[in-house]
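K.L.:
First the structure, which I've put down as structure tokens, then a few questions once you've had a look.
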Amino acid sequence: MTVDLDRSRPIWRQVAAIVEARVADGTYPPGSRVPGIVELSAEFNIAASTAQKALSHLRTTGVVRTELGLGTFVADAS
């Protein structure tokens, strides 16, 4: 499934907001793996660098954590 994005706003911010909303609504519960760069690129039809920027933002804000070699996971609720 491809999601339509508003091309007049930064795409990475929109993707980050969608992933964050999925975390909030329980689609991705705490500790679960979230789609990586390749999956996000395919789902949203975006460049890998854009997907990376979205995930990096989510890491910086504490929504997700990355385990090297394993993937990106929803941060545990504090």
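Each reported figure results from applying straightforward, stated rules to the coordinates on display, with no laboratory input. Keep in mind that this is a model prediction, so the values were computed, not measured.
K.L.:
What are the residues whose amide H is under 5 Å from the amide H of residue 64, where those residues sit 5 or more places off or on another chain and H is modelled from the backbone?
P.N.:
Answer set, sorted by chain and number: 59, 75.
K.L.:
Would you calculate a helix-derived [θ] at 222 nm for the chain, using -39,500 (n - 2.57) for each DSSP H run of n ≥ 4 and dividing by the full residue count, to the nearest 500?
P.N.:
-14000 deg cm²/dmol
K.L.:
Under 20 °C and 1.002 mPa s, how fast does the chain diffuse according to Stokes-Einstein, given a Kirkwood radius computed over C-alpha pairs? Answer in µm²/s, whole number.
P.N.:
In µm²/s, the coefficient rounds to 172.
K.L.:
Any idea what angle helix 48-60 forms with the longest principal axis of the chain, computed on alpha-carbon atoms, 0 to 90 degrees, nearest 10?
P.N.:
40
K.L.:
Taking the Cα centre of each part, how many Å lie between the range 1-35 and the range 39-73?
P.N.:
Centre-to-centre distance over Cα atoms comes out at 10 Å.
K.L.:
Out of residues 5 or more away from residue 28 or on other chains, whose amide H comes under 5 Å of its own, with H placed 1.01 Å from N in the peptide plane?
P.N.:
Those lying under 5 Å, H to H, from residue 28 are 23.
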